[in-house]
Amino acid sequence: MKKCILLFTLLALLSCVPALAEEAPDLTSQCKITVSSQSKRAAKMTDRDYLTGFISDKQKNASIEIVAPKGQPIYGVYVCFGGKLVPWVVEAKHGGKWVGVYQSEGEFAHEYAPLPEGETDIRVRVNSDKQAVLAVSELFVFGEGETPAFVQWWHKAEKADLLVLSGHPDDEILFFGGTIPYYAAERNMQVVVAYLTSGNMSDLIKNNRVTGRRSELLNGLWEMGLRNYPEIYDFWDKFSKKLDSAYEAVGKKKVQETMVELLRKYKPEVVVTHDVNGEYGHGIHRVCADVMQHCIPVAAEAANYADSAQKYGAWQVKKLYLHMYNQNAIEMDWDQPMAAFGGRTGYQVAEAGYQWHVSQHEAGQKNPETGKFEYFIVEPRDSKYSCYRFGLAYSTVGYDVIGSDFFENIPGN
C-alpha cells in the first residue's frame, strides 16, 4: 500500500512539471516568398549562404511577402540584412489589409521579429516615405516553439567594462584570442567591440551590392558569447605599413574625434587594442594602438572635443592594454576550461568564432622570414603574433603584479 501511495505521489509531481518546449520548426522552404521588385536573386535569401543575398530596386515600400504553409502559422521571422540598415516593419494581412505587428528602427543587421499570435501572411517592408533599397543576405521563417539558439537577440550596452578596438572584422579574434569569450561570457562583464574599418563593407553597400561580411562578424561575436551590438565604423581600409599613410587614409583628426566620443559614450574601465607595430605591419592596426594612446587622456578632459563632452561627459579610462606590448608585459591564459562554454577554452571558442569569417579563410600574408604565404589563424601561444601576449601601456591604478587579468587592481572586478 505504501508503495502505491509513493508511486501515485511521484506521478502527481511529474504531472506538474511542464514539458520541455520544442524548438520552433524552420518553415522557410515551405513558405511562398515574393519580392516587390523584379529580381532573380530572391532565392539567395534562403540559400543559407551569408555571402549572397537579395537586393531590391531603389523604391518606396520595398518589401518581401511571406505566405505560411497551410496549417502552420508563422510565429517569428529572422532577418539578416546585407546592405544599408533602414527602419523596417513586419505587417500581417488581416481582412485584406496590412496591419503592423512588429516595428524596428533598423539598428541591428541581424534582428528577430517575434509574432506571438501566429500569422499566415506577412511582409517585411522598409518603413520610410523615401525611396530605399532593401538588402537581405539571409531570411528565416519559424513556426511555433522555442526560438532556435542561433537566432541573435542583440542589445546596446549603456556602459562597458571592457572596450575592444579592432582594426578589421576578424582581428578581434586572430590577435586577441579568448578576450571576448572569457570576459563577456565566463566573467559576465559588459564588453563592447568596435571596428575601425568594416573591411570596405560600406563601399559595397554604397554601390548596392550585398555584403555578407557583417553577418560573418556578428555570427563570430555571437559564437563567442557577446550580446552587446558592436560599433562598426567606416574608415577607409587602405593597406600601408606606415602610420602616417594610414592616418592620411582615415583622416587623423576625424578618427581622433570619433575615438574620444567612443570612449565617452561607453565609459570603459579597460581598453584592449592592437600592437604598436601593427602585428604584421598593417597601418590600420598601428592607428588603433596610436589613437588610443592619444585619446584616452584626452577623453578625460571636458575641454577637449566639447560636443562629445556635453553629450556624454568626460571619462577617464583606467587601463590600456596593447597586443604584444613589451613594457609591463603580461601573458593571458586562454587555455583554461570555461563553464560558460561547457569546458571549452578561450582559445577554442575563438577558433570557433573565426570559422564564421568564411570570406577571410583564404586571406593571409607573406612571411618575410621564409618568403612563404601563410593563412591567417587565431595566433597560438608560441607564435610570433601570439594572442596571449599583451602589455599595459597606460594605467591610473598602478602596474599589474599577478599579470593574467586585464582588470587587476580595478575595484569591484
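Quick one: pull the percent of accessible area on the chain belonging to carbon and sulfur, 1.4 Å probe, ligands and nucleic acids left out. Please list the in-between numbers first.
Numbers: 9990 of 19640 Å².
Ligands and nucleic acids excluded, carbon and sulfur give 51 percent.
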Quiz item: Taking a quarter of the surface of the Cα convex hull of the range 234-321, what do you get in nm²?
Solution: 5.2 nm²
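Given N residues in the range 25-122, what is its alpha carbon radius of gyration divided by 2.2 N^0.38 Å?
Values: Rg = 13.2 Å, N = 98, 2.2 N^0.38 = 12.6 Å.
The range 25-122 yields a ratio of 1.05.
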Quiz item: In terms of modelled amide H atoms, which long-range or inter-chain residues lie less than 5 Å from the amide H of D121?
Solution: A68, K93
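Quick check: residue separation of Q72 and E158 times 0.36 nm, minus the Cα distance between them. What number comes out in nm? Let's see the in-between values first.
Values: separation 86, 0.36 × 86 = 30.96 nm, distance 3.91 nm.
Answer, rounded to one decimal: 27.0 nm.
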Quiz item: Going highest first, how would you order 316-326, 120-130, 341-351 by mean Cβ packing within 10 Å?
Solution: 316-326, 341-351, 120-130
Quiz item: In nm, to one decimal, how far is the A302 label point from the K58 one, both placed 7 Å along Cα→Cβ?
Solution: 4.4 nm
Quiz item: Roughly how many nanometres apart are two label points built 7 Å out from the Cα toward the Cβ at D129 and Q30?
Solution: 4.2 nm
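Keeping every protein chain present and rolling a 1.4 Å probe, give me the accessible area per residue for the chain in Å².
Values: 19640 Å² over 413 residues.
Spelled out: the 1.4 Å probe surface of the chain, per residue, equals 48 Å².
Convert 4 °C to kelvin, take the viscosity as 1.567 mPa s, use the Kirkwood radius over C-alpha pairs of the range 54-189 as Rh, and evaluate the Stokes-Einstein diffusion coefficient in µm²/s, rounded to a whole number.
For the chosen part, D equals 76 µm²/s.
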Practice problem: Sketch the reach of a paramagnetic label on T396 as a point 7 Å from Cα along Cα-to-Cβ, and name the residues of the range 252-296 whose backbone nitrogen lies under 12 Å away. | Solution: 264, 267-270, 296
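Stokes-Einstein at 4 °C, 1.567 mPa s, Kirkwood radius from Cα pairs: D for the chain in µm² s⁻¹? Could you put the intermediate results ahead of the total?
On the way: Rh = 23.4 Å.
Once the numbers are plugged in, D ends up at 55 µm²/s.
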Quiz item: Peptides 158-169, 79-90, 57-68: what's the order by average Cβ count within 10 Å, highest mean first?
Solution: 158-169, 79-90, 57-68
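With +1 on each Lys and Arg Cβ and -1 on each Asp and Glu Cβ, and nothing else charged, work out how big the dipole of the range 23-168 is about its Cα centre, in Debye to the nearest 20. Don't jump to the answer; show the numbers that get you there.
On the way: 16 positive and 19 negative charges, 150 e Å.
Rounded to the nearest 20 debye, it is 720 debye.
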Quiz item: How long is the gain from S245 to V358 if the chain were fully straight, where each residue apart is worth 0.36 nm and the alpha carbon distance is subtracted?
Solution: 37.8 nm
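Would you mind giving the average projected area, over all directions, of the Cα convex hull of the range 302-413 in nm² with one decimal? List each step's numbers first, then the result.
On the way: hull surface 44.3 nm².
One quarter of the hull surface, i.e. the mean projection, equals 11.1 nm².
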Quiz prompt | Cα-based equivalent ellipsoid of the range 173-323: semi-axis lengths in Å, sorted from largest, via gyration tensor | solution = 22, 21, 16
Quiz item: Where q = 0.11, 0.12 Å⁻¹, what log10 of I(q)/I(0) comes from the Debye formula for the range 102-251, counting one point per Cα?
Solution: -0.53, -0.63
Quiz item: How many angstrom lie between the C-alpha centres of the range 66-98 and the range 229-307?
Solution: 39 Å
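Given the peptides 239-250, 400-411, 369-380, arrange them by the average over their residues of other C-beta atoms within 10 Å, most packed first. Display every interim value, and only then the final one.
Values: 239-250: 16.8, 400-411: 15.2, 369-380: 13.0.
Listed from highest to lowest mean packing, they are 239-250, 400-411, 369-380.
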Quiz item: By a straight-distance test (C-alpha under 20 Å), which lysines pair with K253 as possible cross-link partners, with residues fewer than eight away in the same chain excluded?
Solution: K238, K241, K242, K265, K311
Quiz item: When all alpha-carbon pairs of the range 372-413 are counted, what percent fall beyond 14 Å?
Solution: 59 percent
Quiz prompt | Point-charge dipole on Cβ atoms (K/R +1, D/E -1) for the range 141-188, about Cα centre, debye to 20 | solution = 160 debye
Quiz item: Relative to the Cα centre, what is the charge dipole magnitude of the chain, using +1 at the beta carbon of each Lys and Arg, -1 at the beta carbon of each Asp and Glu, and rounding to the nearest 20 debye?
Solution: 940 debye
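Scan the chain and note any complete DSSP helix (H) whose C-alpha atoms cover at least 18 Å along its axis and whose Kyte-Doolittle average is 0.0 or more. Intermediate values should be presented prior to the final figure.
Details: long enough: 2-16 (22 Å, 1.84); 252-266 (21 Å, -0.98); 283-299 (23 Å, 0.72).
Helices meeting the span and hydropathy rule in the chain are 2-16, 283-299.
The values are calculated or read from the model by the stated rules, or taken from the named source; none is laboratory data. Because the structure is a prediction, the values reported are computed rather than measured. Please note: Cβ atoms are built from the backbone with ideal geometry, for glycine as well, and neighbour counts cover all protein chains shown. When the accessible area is computed, the model is the full protein with side chains, heavy atoms only, and any ligands, DNA or RNA have been set aside. Shrake-Rupley method; radii C 1.70, N 1.55, O 1.52, S 1.80 Å.
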